[in-house]
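Note sheet for the following structure.
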Amino acid sequence: MALVPYVENPLPALSKLHNSSAQFRFANHDLHLTQDWKKLGVAAVVWDAAVVMCIYLEMGKVELKGKEVIELGAGTGLVGIVAALLGAKRVTITDREPAMDFLSANVKANLPQDTQGSVAVSELTWGEGLERYTAGGYDVVLGADIVYLEDTFVPLLQTLEHLCSDTSVVLLACKIRYKRDTDFLSMLKQRFTVEEVYYDKQRDIHVYKSWKVPPRRDL
């Protein structure tokens with residue numbers, strides 16, 4: 001999660017990010033997400049990549065029912081909330097410590113009481129304290145617009161390797177803004193098989209599906 005300066009008069013394209021809330025309908029539920037750009041910057045607004053990820057999850061191309069799911073860099077928590085509403089057995093929604101209270105409030109406000117017990121909000125700084133998360137313990141790892149800071153690429157890759165088993169699926173929704181974004185995909189391809197599974201032309205968002213490359217078995 002990165003914090004950015006608050007600007008009183010945002011560019012028109014960013015004005016929706018400065019609204020105090022954002023409304024969506026996914027998984028037959030009306031969702032109302034609180035946003036707080038002024039306090040938490042990019043971590044506290046709903047970016048297009050999160051919306052596109054939810055659209056893709058609703059298509060049902062990746063099985064969530066009965067699965068252990070974890071979301072990285074969750075921000076407002078929209079993606080993890082939708083994963084829970086779509087039937088995941090357990091969802092762990094993570095971000096860095098400054099976003100915890102904000103994230104927890106959004107999760108509590110948007111999940112039915114009978115679903116909240118299957119969702120945990122947890123602090124995770126990539127590459128740090130990974131022993132608190134079961135190695136290979138997650139069936140699906142989700143990340144929406146988390147590839148943008150080059151300094152985080154190595155710890156993010158380390159975190160993905162730790163969380164994934166040989167059968168885990170990683171879904172990343174990305175807006176490719178700079179060369180460094182494609183550089184991360186190149187890094188990912190050294191350890192994971194990567195394929196683009198969806199593209200939202202209107203929002204210019206790519207969804208990539210990844211899974212670990214099997215270890216070589218030399219003869």
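Looking at (1) under 24 Å from residue 44 (Cβ atoms); (2) open to solvent by 40 Å² or more (accessible area, probe 1.4 Å); (3) β-branched (Val, Ile, Thr), which is the one condition that is false for residue 159?
Tallying (1) under 24 Å from residue 44 (Cβ atoms); (2) open to solvent by 40 Å² or more (accessible area, probe 1.4 Å); (3) β-branched (Val, Ile, Thr), residue 159 fails exactly one: (2).
Pairs under 7 Å by beta carbon, first residue within 13 Å of residue 210 (Cβ to Cβ) in region 129-153, partner of a type in the set (Lys, Arg) and in a loop (DSSP other than H, G, I, E, B), six or more apart or different chains?
Partner pairs satisfying both residue conditions: 140/67.
Scan region 17-71 for residues that are loosely packed, with under 13 Cβ neighbours inside 10 Å and among the hydrophobic types (A, V, I, L, M, F, W, C) and report the count.
Qualifying residue count for the region: 1.
For residue 139, indicate whether it is among the acidic types (Asp, Glu) and either in contact with a Phe, Trp or Tyr (Cβ under 8 Å, 6 or more places away or on another chain) or within 26 Å of residue 32 (Cα to Cα) (or both).
Taking the combined requirement at face value, the residue does not satisfy it.
Kindly check whether there is at least one residue in region 121-129 that is within 16 Å of the chain's Cα centre (by Cα), surrounded by fewer than 17 Cβ atoms within 10 Å (Cβ to Cβ) and not small (Gly, Ala, Ser).
Yes, because at least one residue in region 121-129 is within 16 Å of the chain's Cα centre (by Cα), surrounded by fewer than 17 Cβ atoms within 10 Å (Cβ to Cβ) and not small (Gly, Ala, Ser).
What are the residues in region 179-219 that are in a strand (DSSP E or B), of a type outside the set (A, V, I, L, M, F, W, C) and within 13 Å of residue 147 (Cβ to Cβ), if any?
Result: 206, 208, 210.
Restricting to region 25-50, name every residue that is in contact with an Asp or Glu (Cβ under 6 Å, 6 or more places away or on another chain) and small (Gly, Ala, Ser).
44, 49
The values are calculated or read from the model by the stated rules, or taken from the named source; none is laboratory data. None of the values given here were measured: they were computed from a predicted structure. Ideal geometry is used to build each Cβ from the backbone, glycine not excepted, and the neighbour counts take in all protein chains shown. These area figures cover heavy atoms from the full protein model, side chains too; ligands, DNA and RNA do not enter into them. Shrake-Rupley method; radii C 1.70, N 1.55, O 1.52, S 1.80 Å.
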